[in-house]
Amino acid sequence: MLLLAFKDTIITDNTEPTTVKKGKTIYRCRSCGYDSLKWLGKCPECGEWDAFAEETKTGKADSLKISSVTVTSITDVEENDDQRVLTGIGEFDRVLGGGIVPGSLVLIGGDPGIGKSTLMLQALCGLASGGGRVLYVSGEESARQIRMRGSRLGAGREGILLVSEIDVDIILGVAEQEKPAVLVIDSIQTMYNSTVPSAPGSITQVRESTMKLMIMAKKSGIPIFLIGHVTKDGAIAGPRLMEHMVDTVLYFEGDRNHVFRILRAVKNRFGSTNEIGVFEMGEKGLEEVPNPSAVFLSERPENAPGSSVTASMEGTRPVLVEVQGLASNTAYGTPRRTILGLDSNRVAMIVAVLEKRAGLNLMGHDIFMNVAGGVKVDEPSTDLSIAAAAASSFLDRPIPQGTVVIGEIGLTGEIRAVSHIDQRISEAKKMGFTKCIVPMSNAKRTVQANGIEVVGVSNLSEALTQIFS
Ligand code: TYD
Ligand code: MG
């Protein structure tokens, strides 16, 4: 008897180790969705601390089963790239990879107040002015509030249908009935499934809602945009899982104290990632910035030490940005390093290389670095520009106004090749720069362009000599 009972446990344990009866309480990681029978301090799956929350286990949702399956040869499937729908906002369409793909599920993440709702309302306005009918579902604002915002944006179009609702099943019903050209859900964290007992915003709710909407998008061909909030550490709240379920993930970022906003594709099944769209937030909503280089350089001081310009590739497009550095004598024992818009580890490395290989005694100085305009740059090709800005401030010598510096710095002080050099040089030329300092191996392969002098350098001391000559 005892043996039998023992055997029973083994068998149950082996077959379904984490299965819990429907309705029983379990603990689920808010970050990755890992299930555990006990509360755990650290998630064994994703390593997140204090992420387990109590939830009630529900049975598998039967309604999600797709009953009829058809198998098709790849050559028989119609290509539908020409069916992309354009919103009329050029920057937005470009980030999406050339417009909205039918049946796609797009997640737009960003800090609260950055302009996600504004962007989507403007995009819907563009679609509706072409005669389309679009549906905007808000779980956060009433129809009247959306209308008020819409009037401010000049988005009072007949084709924009508004629904203030949080129940996913009702929303799916409305979408089925209205058959909109595009559906926007603002936001996924407010959505509620009556089949799931936990509160809106919990991982189970978000996952179920996303799943239902995904099935709807794929079956009906209606493209769906999900707006998602971002947690304080920068990830889309709750579901990293959600990023796997959707076709495209866009982040809307920027400094709230600056007017510039950058829409960045971090995942895109229908286009290139790292593509960015630049917007300016104004009185009447978001305006496109078709020439970001001009905007980012517009307030550049003349002949000021500590300012250097580089060409960074943002997706498929080169953008000129101004890197600013300030080196001042430190008042305390440990020098301060305050870095904005750049990777601070990278800056620390470059400062060490400047000290060791170029003989600049920066270790006893406080160093502040910033990228003008509140932009973030994380490309290694910015290295030489960081070094130039720091050196320029340290030496109190301005970098000549018409010079652009591009190159990655290695630990021995060598300047390493970067990608897309021709595009970067031609952007610099377009913006009226006259001299381009580039890695030697790049310079050997570039065609000398008219109107801009391209100088190749192979190490840091050589680069500094060229920059300040
Ligand atoms: P919103 O789209 O509500 O942000 P999110 O949905 O990402 O939370 O944007 C709100 C911010 O944008 C708010 O701080 C005010 C500003 N804003 C403008 O500056 N101009 C405008 O025309 C609009 C509509 C908003
Ligand atoms: Mg909003």
Checked region 69-123 for anything in a loop (DSSP other than H, G, I, E, B), over 22 Å from Thr210 (Cα atoms) and polar (S, T, N, Q); matches are Thr70, Thr72, Ser73, Asn80, Thr87
With respect to Gly115, is the statement that it is within 16 Å of ligand 2 (Cβ to nearest atom), within 15 Å of Thr248 (Cα to Cα) and under 16 Å from the mean Cα position of the chain (by Cα) true?
no
For the list (1) within 26 Å of the chain's Cα centre (by Cα); (2) surrounded by fewer than 24 Cβ atoms within 10 Å (Cβ to Cβ), I need the number of the one condition that Thr403 fails.
(1)
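Could you please let me know if Glu299 is in a loop (DSSP other than H, G, I, E, B), touching a helix residue (DSSP H, G or I) at 6+ places or on another chain (Cβ under 8 Å) and not β-branched (Val, Ile, Thr)? Give the derivation first.
On the way: in a loop (DSSP other than H, G, I, E, B): yes; touching a helix residue (DSSP H, G or I) at 6+ places or on another chain (Cβ under 8 Å): yes; not β-branched (Val, Ile, Thr): yes.
It is true that Glu299 is in a loop (DSSP other than H, G, I, E, B), touching a helix residue (DSSP H, G or I) at 6+ places or on another chain (Cβ under 8 Å) and not β-branched (Val, Ile, Thr).
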Every residue from region 315-331 that is within 26 Å of the chain's Cα centre (by Cα) and farther than 18 Å from Asn370 by Cβ:
Gly315, Thr316, Arg317, Pro318
Pairs, first hydrophobic (A, V, I, L, M, F, W, C) and modelled with pLDDT of 95 or more in region 161-186, second part of a helix (DSSP H, G or I) and within 15 Å of ligand 2 (Cβ to nearest atom), C-beta under 6 Å, six or more apart
Val184/Met120
Quick count over region 242-284, residues being more than 18 Å from Leu121 (Cα to Cα), of a type in the set (D, E, K, R) and within 11 Å of ligand 1 (Cβ to nearest atom), is 1
Ile386: passes all of (1) over 28 Å from Ser298 (Cβ atoms); (2) assigned to a helix (DSSP H, G or I); (3) under 32 Å from the mean Cα position of the chain (by Cα) but (1)
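In this structure, does Leu127 turn out to be among the hydrophobic types (A, V, I, L, M, F, W, C), within 20 Å of Leu213 (Cα to Cα) and touching a residue at least 24 places away in the same chain (Cβ under 8 Å)?
Details: among the hydrophobic types (A, V, I, L, M, F, W, C): yes; within 20 Å of Leu213 (Cα to Cα): no; touching a residue at least 24 places away in the same chain (Cβ under 8 Å): yes.
The answer is no for Leu127.
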Just a yes or no: is a residue in region 90-104 modelled with pLDDT under 90 and either among the hydrophobic types (A, V, I, L, M, F, W, C) or within 16 Å of ligand 2 (Cβ to nearest atom) (or both)?
no
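When the residues of region 351-380 are filtered to those that are β-branched (Val, Ile, Thr) and closer than 23 Å to Arg300 by Cα, which remaining residue is surrounded by the fewest Cβ atoms within 10 Å (Cβ to Cβ)? Give the derivation first.
Pass one, region 351-380, residues β-branched (Val, Ile, Thr): 351, 353, 367, 371, 375, 377.
From what's left, closer than 23 Å to Arg300 by Cα: 367, 371, 375, 377.
Numbers: Ile367: 26, Val371: 23, Val375: 25, Val377: 18.
Going through the qualifying residues, I end up with Val377.
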Within region 23-39, considering residues that are in a loop (DSSP other than H, G, I, E, B) and modelled with pLDDT of 80 or more, the one nearest to Met245 (Cα to Cα):
Tyr34
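The values are calculated or read from the model by the stated rules, or taken from the named source; none is laboratory data. From a predicted model like this one, the values you see are computed outputs, not experimental measurements. Positions of Cβ are backbone-derived with ideal geometry, glycine not excepted, and every protein chain shown enters the neighbour counts.
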